[in-house]
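The values are calculated or read from the model by the stated rules, or taken from the named source; none is laboratory data. Note that the structure is a prediction, hence the values are computed from the model and not measured. Virtual Cβ from ideal backbone geometry, glycine too; neighbours counted across all protein chains shown. The area values use the complete protein model at the heavy-atom level, side chains included, leaving out ligands, DNA and RNA. Shrake-Rupley method; radii C 1.70, N 1.55, O 1.52, S 1.80 Å.
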Amino acid sequence: MQFQQLQYFVAVAETRHFTRAADLVHVAQPSLSQQIKALERELGADLFLRARGNITLTDAGEALLPLARRILADADTARHEVQELVQLRSGRVRLGATPSLCTGLLPDVLRAFHDRYPGIRLLIEEGGSHDLVRELARGALDLALVVLPLPTPSPALTTVELLREDLVVVSSPDAPRPGQGRRTVRISDLEGERLVMFRHGYDLRELTVAACRAEGFEPDFAVEGGEMDAVLGFVRAGLGVAVVPRMVAARAGRGLRVTPLARPGLHRVIALAHRSDVAPPRAARELQRMLLER
């Protein structure tokens, strides 16, 4: 009994017509008929009652049909599983993330993923949440790490909360300690401080400016428009202070003083997002699992 013969048998059983079945499986009708007869000889029983214009299943055919469908379905499952395993040996994952997450969260996870799946290419796109949501929607990314709430909520995206991260104030050790030397800084203490501020569209910029305005003052910018590395460099140089994620501050190395924000402080919610209407590729789903279990 051959796998192909079962395919032909199921096609005839479902169409009740040899010519239409042959078209369905893309084979010449005489070849299909010969394979059906060979299957019947193998099984020692007729599978179809052949009357002009009327093809019906025999009892043997009725008994074989659910078994044949199950065998074909199992074969499809096996093919799918193998293809997914192959995807973990080669291919790519297109991941979007905000620059601060590229600096703080991703290095360790991406290193672990690369060690486990060295054949997978990792394509990283940095951007603000608004830009990343747009790239996800048009299919240019498989996954994206974004800050919640999204600037423009989209029902076409699925988001899973990953972590809540505290924000801290960083300053140069050579500059006066913000907050008049206290061990924690209130948002109101930033009034009168010169801030090193991120560019427009940066999630941390919007969060910091909104917190200052909630305390009744407009922040004073010493310099603005930078990405994360530039902001940290300007702070080290003593140009001002900045509000950054705790993970980024922890990885920033020497040359920065880190001061926590007093309760309730500031935090941001990081989520993993993907399109709701398209399942991410297997390799992307594996990276997603590692991020969620990190």
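Key figures
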item	result
Evaluation of PRO178 against (1) in contact with an Asp or Glu (Cβ under 7 Å, 6 or more places away or on another chain); (2) part of a helix (DSSP H, G or I) (one fails), failing number	(2)
For GLN4: the one exception among (1) open to solvent by 70 Å² or more (accessible area, probe 1.4 Å); (2) touching an Asp or Glu at 6+ places or on another chain (Cβ under 6 Å)	(2)
Checklist (1) closer than 19 Å to LEU266 by Cα; (2) touching a helix residue (DSSP H, G or I) at 6+ places or on another chain (Cβ under 9 Å) applied to ARG213, failing item	(2)
Yes/no for ARG138 being farther than 18 Å from ALA284 by Cβ, open to solvent by 20 Å² or more (accessible area, probe 1.4 Å) and modelled with pLDDT under 90	no
Residue among PRO118, PRO149, PRO107 that is over 21 Å from PHE198 (Cα atoms), of a type outside the set (Gly, Ala, Ser) and open to solvent by 70 Å² or more (accessible area, probe 1.4 Å)	PRO118
Test for GLU42: is it acidic (Asp, Glu), free of Cβ contacts under 8 Å to residues at least 40 places away in the same chain and not in a loop (DSSP other than H, G, I, E, B)	no
Selected residue (criterion: nearest to HIS130 (Cα to Cα)) from residues of region 164-174 that are open to solvent by 20 Å² or more (accessible area, probe 1.4 Å) and in contact with a strand residue (DSSP E or B) (Cβ under 8 Å, 6 or more places away or on another chain)	ARG164
Flag if VAL133 is outside any strand (DSSP E or B), open to solvent by 10 Å² or more (accessible area, probe 1.4 Å) and over 28 Å from LEU256 (Cα atoms)	yes
Of all residues making up region 45-59, the number that are more than 16 Å from ALA21 (Cα to Cα), open to solvent by 40 Å² or more (accessible area, probe 1.4 Å) and touching a residue at least 12 places away in the same chain (Cβ under 8 Å)	1
Neighbours by Cβ (under 9 Å, 6+ apart or cross-chain): first from region 96-116, within 22 Å of TYR202 (Cβ to Cβ) and without any contact (Cβ under 8 Å) to a residue 60 or more places away in the chain; second of a type in the set (Gly, Ala, Ser) and not in a strand (DSSP E or B)	GLY96/GLY127; GLY96/ALA140; ALA97/GLY127
Residue in region 74-97 that is at pLDDT 90 or above, over 17 Å from the mean Cα position of the chain (by Cα) and open to solvent by 30 Å² or more (accessible area, probe 1.4 Å) present	no
In region 239-259, residue modelled with the highest pLDDT [restricted to those that are closer than 30 Å to GLN288 by Cα and open to solvent by 30 Å² or more (accessible area, probe 1.4 Å)]	ARG246
Leading residue by the ranking (most open to solvent (accessible area, probe 1.4 Å)) among those in region 175-213 that are free of Cβ contacts under 8 Å to residues at least 60 places away in the same chain and on the phi > 0 side of the Ramachandran plot	GLN180
